[in-house]
1. Within region 201-224, can one find any residue that is among the hydrophobic types (A, V, I, L, M, F, W, C), farther than 17 Å from Asp81 by Cα and within 21 Å of the chain's Cα centre (by Cα)?
2. Conditions first: (1) open to solvent by less than 50 Å² (accessible area, probe 1.4 Å); (2) in a helix (DSSP H, G or I); (3) of a type in the set (Asp, Glu). Asp322 passes all but one, so which condition is the exception?
3. I need the full set of residues from region 332-357 which are open to solvent by less than 40 Å² (accessible area, probe 1.4 Å) and acidic (Asp, Glu), in order please.
4. For region 159-183, which residues satisfy the criterion of being open to solvent by less than 20 Å² (accessible area, probe 1.4 Å) and of a type in the set (A, V, I, L, M, F, W, C)?
5. In region 231-254, is there at least one residue being open to solvent by less than 20 Å² (accessible area, probe 1.4 Å), modelled with pLDDT of 95 or more and of a type in the set (Ser, Thr, Tyr)?
6. What are the residues in region 280-319 that are in a loop (DSSP other than H, G, I, E, B) and either open to solvent by less than 10 Å² (accessible area, probe 1.4 Å) or at pLDDT 95 or above (or both), if any?
7. Looking only at region 332-356, count every residue that is in contact with a Gly (Cβ under 6 Å, 6 or more places away or on another chain) and part of a loop (DSSP other than H, G, I, E, B) and tell me the total.
8. Has region 199-221 got at least one residue that is touching a residue at least 12 places away in the same chain (Cβ under 8 Å) and closer than 19 Å to Val93 by Cβ?
Amino acid sequence: MTDRTPAPNALRYADAGVDIDAGNRLVDMIKPLVKATRRPGADAEIGGFGGLFDLKAAGYTDPLLVAANDGVGTKLKVAIDTGIHDTVGIDLVAMCVNDLIVQGAEPLFFLDYFATGKLDPAEAAIVVAGIAEGCRLAGAALIGGETAEMPGLYKEGDYDLAGFAVGAVERAGLLPRGDVAEGDVLLGLGSSGVHSNGFSLVRRIVELSGADYAAPAPFDAERSLGRALLAPTRIYVRPLLAAIRKTSAIKAMAHITGGGFIDNIPRVLPDHLAAAVDLDAVTPPPVFGWLAREGGVETREMLRTFNCGVGMIVVVEPDAADAVAEILSAEGESVMRLGSLVRREGEGVVFSGTLAL
């Protein structure tokens, strides 16, 4: 007969800093949040070893799958330092699904990865609630995720996020199209703020300025600096899907993330074309002026680091630009007519006018 009496100094997983029960409590807490993201093709139930999606139930006949993954970057450090955790989940979803829509793909489902040194189920549930809200805004089902408690790798209180999104587009609707041409019009969609890029520079500027995250923002007296900087990345999926489905005029799109205007717009253009951007048409949110002044950041550096008020660029046929702008405006977007495509003679983006920082 086997002796099952534990040794006096027997260790448990919890003694090494990993609490399995806390993880199970988190799953129970987030199940209703996940279920609220169900959509045709997915029931958004969690608990199995993998998530399922039915493309036929989603209405596709000849689809291409498009996948994207991303994180939130050092914006998470602002969330951790301020104790504000309810928006970074939206950022996580936005950074992935905005990369899907630029290829014409409808986001179908999303999975998240949450890693921490010591799991606080209540705090993690707030983060996941943001992820579920982002999925709801994007029309994607949250079909699974992973929570990893890793003491020794992360300090207590720290956490990291990664997201994985899959979308679909009918083969004939894949963007960018092959007929992007000189004279096509550039429309810009307004951003909600810094979004989720450049936060290593943002945090450095805050440090040098001596500003307090808990104090009113110097550029927005209605919110604390921390809350203002944590304004979540705008999710452009539903308005852009509406414009794609109501017209056949959208030829390409560029999500303005790390690299700003200068690096992102040329990614969707043929080598012989450049984007001529009129900076006078851009209205940057006040946060960008504050960052530029406090950090002494030059305009070109701002344009290569931040979105500067334009989170998405849409390339459209000239004779349909007004119609597309009207649809996007009706869907709640702030639309700017930024310029057009010209023959490339040097850099992929050429600027005129002055950015009003």
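1. no
2. Asp322 satisfies every listed condition except (1).
3. The one that is open to solvent by less than 40 Å² (accessible area, probe 1.4 Å) and acidic (Asp, Glu): Glu333.
4. Leu161, Ala165, Ala168, Val169, Leu175, Val180
5. Yes, region 231-254 has at least one match.
6. Val282, Pro284, Pro285, Gly296, Val297, Glu298, Phe306, Asn307, Cys308, Gly309, Glu317
7. Final tally of qualifying residues: 1.
8. Among the residues of region 199-221, at least one is touching a residue at least 12 places away in the same chain (Cβ under 8 Å) and closer than 19 Å to Val93 by Cβ, which makes the answer yes.
The values are calculated or read from the model by the stated rules, or taken from the named source; none is laboratory data. Nothing here was measured: the structure is a model prediction, and the numbers come from that model. All Cβ positions, even for glycine, are placed from backbone atoms using ideal geometry, and neighbour counts span all protein chains on display. The protein model used for the area step is the full one, side chains on, heavy atoms only, and it has no ligands, DNA or RNA in it. Shrake-Rupley method; radii C 1.70, N 1.55, O 1.52, S 1.80 Å.
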